[in-house]
Amino acid sequence: MKANEAEKILKEWCQSLTGNPPSTCKMVKILNTEGLDLDWWLKAKPVHDKDTLRNTAYLAAYLEISGLRIPMIGIKVWDRFLYPDRAIMRSLYEGKYLRHEGRDFVVTDEGIAHVSEWLAYDGTTFRRVTGTEQKG
């Protein structure tokens, strides 16, 4: 996936769920080696509600872009790395939507269930649900 495609996905999710563009979308050419330390993530701004539409939009975008595992050093998009938002990741981690495993954050069953209204997971990849699949 190219960097502009990843940025478009994040913008679409944020616009769709919050009505606003993403507040952060940092893409750089170097790995975030600080991100390998879980404590670095936990030093982000104080935790806010894991269920905000902003958090949900970012989680859906990260899963669509990266899949089940979100690399802590940044999501590889072509020749760049998309750095996940620290405060959002901390909220999702402490809210049990993500767990820490090695060099990655991995979405939990609870996290998958949380985005299931918008994303379908087939055991390998995430894809946007169609109109007939949507709940409600």
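Some notes on this structure:
- Qualifying lysines (Cα of each under 24 Å from Cα of LYS45; at least 8 residues distant if same chain): LYS11, LYS26, LYS96
- Which of VAL115, VAL107, VAL77 has the fewest Cβ neighbours within 10 Å, and the rest in rising order: VAL77, VAL115, VAL107
- Cα gyration tensor category, rounded, prolate or oblate, for region 41-107 with a/c compared to 1.5: prolate
- Cβ-defined net charge surrounding GLU5, 13 Å radius [Lys, Arg +1; Asp, Glu -1]: +1
- Here the extension length gained between GLU101 and LEU31 equals 23.4 nm, from 0.36 nm per residue of separation less the Cα-Cα distance.
- Anchor LYS29: aspartates and glutamates whose Cα lies under 13 Å away (excluding residues fewer than 8 positions away in-chain): ASP79
- For PHE81, neighbours were defined as the other residues whose beta-carbon sits under 15 Å from its Cβ, and their charges (Lys and Arg +1, Asp and Glu -1) total +2.
- Cα-based helix-to-principal-axis angle, 53-66 vs the chain, degrees rounded to 10: 80
- Overall, the anisotropy analysis places region 3-128 in the rounded class: the square-rooted eigenvalues a ≥ b ≥ c of its C-alpha gyration tensor yield a/c less than 1.5.
Read-outs: derived from the displayed coordinates by stated rules, not from any lab. Remember, it's a predicted structure, so these values are computed and weren't measured experimentally. Note that each Cβ is placed from the backbone with ideal geometry, even for glycine, and that neighbours are counted across all protein chains shown.
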